[in-house]
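*Asks:* Sharing a structure, written as structure tokens. Questions coming.
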Amino acid sequence: MFTGIIKETGTLIKITDMGQDREFTVRARKLFDSIKMGDSISVNGVCFTVKGFDSGSFYFDVSASTLKYSDMGSLKEGDRINLEDSLSQHDKIGGHFVSGHVDAVSSIIDIVGKGRSYEITFSLDSSTAPFIAPRGSITVDGISLTVIEVSDNSFKTVIIPYTYKNTTLGTKGVGERVNIEVDMLARYVVNYLSYKEEGEDGQSVKDRILKEKLENNGFIR
């Protein structure tokens, strides 16, 4: 679990093909001493497991599925990336709860300067549109942002100077792609309402979800 508050921007220094998968090696400064083998880390909004270390860098596996359904497959050696270590019980929650599971890949439609800040418009597809609302939260390349405007095929956010300078959004231009994760609270609400529309009451939904979780974890057959 993460919060969408980027701790630092690292550098992707090596990409190794591993059949259908890839191994990424990332150089980091602030986080290098605090993470350990097996830790979860958010890289451009995607959750990965640290599997080893080198001099000033760490590395992790990227599955074929992740390469297909996120923007990780388009990254190149030398690219800057957003990094956040996983949330601990003592951390402040400055953004919102982020799982690191990408819902869609979006692209930047427009960037407009607004004083010292920037107003950025992102594309929006039909699969994620129901989960996005004005003044709601959204994660863009691992960054917790507030939606200020939504249309049928786009949404807009304002990037303050600190975020623009200290994340990769400050280096991206129109047409470049980003990873999107919708607010998990919005996901649950929309799913619940869709079940209600199908005639299920609240307790039936809870019972069914509990049964599915028990089955998935092998407690019942």
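*Asks:* Cα-Cα over 23 Å: which of Lys7/Lys165; Lys51/Lys211; Lys7/Lys172; Lys92/Lys114? Let's see the in-between values first.
*Replies:* Working: Lys7/Lys165 13 Å; Lys51/Lys211 33 Å; Lys7/Lys172 19 Å; Lys92/Lys114 29 Å.
Pairs exceeding the cut-off: Lys51/Lys211; Lys92/Lys114.
*Asks:* Given only helices, namely DSSP H runs of n ≥ 4 each adding -39500 (n - 2.57), what is the per-residue ellipticity at 222 nm of the chain, to the nearest 500 deg cm²/dmol? Please report the intermediate quantities before stating the final value.
*Replies:* On the way: 4 runs with 41 residues, N = 221.
It comes out at -5500 deg cm²/dmol, rounded to the nearest 500.
*Asks:* A follow-up question, please. Can you pull out the GluC sites (Glu not before Pro) in region 7-116 that DSSP calls coil and that have at most 16 other Cβ atoms within 10 Å?
*Replies:* Details: sites: Glu8, Glu23, Glu77, Glu84; in loops: Glu77.
Here the sparse-neighbourhood loop sites are Glu77.
*Asks:* If you don't mind, another one. Counting only Cα atoms, I'd like the Rg/Rh figure for the chain, Kirkwood definition for Rh.
*Replies:* Rg/Rh for the chain comes to 0.99.
*Asks:* Principal axis lengths of region 104-182 from Cα atoms, whole Å, largest first?
*Replies:* For region 104-182, the Cα spread along each principal axis is 31, 22, 19 Å.
*Asks:* In debye, nearest 20, what is the charge dipole magnitude of region 8-85 about its Cα centre with +1 on Lys and Arg Cβ and -1 on Asp and Glu Cβ, if you could check?
*Replies:* Charge dipole of region 8-85: 100 debye, to the nearest 20.
*Asks:* Compute the distance from the alpha-carbon center of region 16-46 to that of region 143-166, in whole Å.
*Replies:* 26
*Asks:* Just flag the trypsin sites (Lys or Arg not before Pro) in region 1-74 sitting in loop per DSSP whose Cβ has no more than 16 other Cβ atoms within 10 Å. Mind dumping the intermediate values first?
*Replies:* On the way: sites: Lys7, Lys14, Arg22, Arg27, Arg29, Lys30, Lys36, Lys51, Lys68; in loops: Lys7, Arg29, Lys30, Lys36, Lys51.
Answer by residue number: Arg29, Lys30, Lys36, Lys51.
Throughout, read-outs are computed from the coordinates displayed, never taken from laboratory work. Keep in mind it's a predicted model, so treat the numbers as computed, not measured. Quick reminder, even Gly has a Cβ in these numbers, built from the backbone with ideal geometry, and neighbours come from all protein chains shown.
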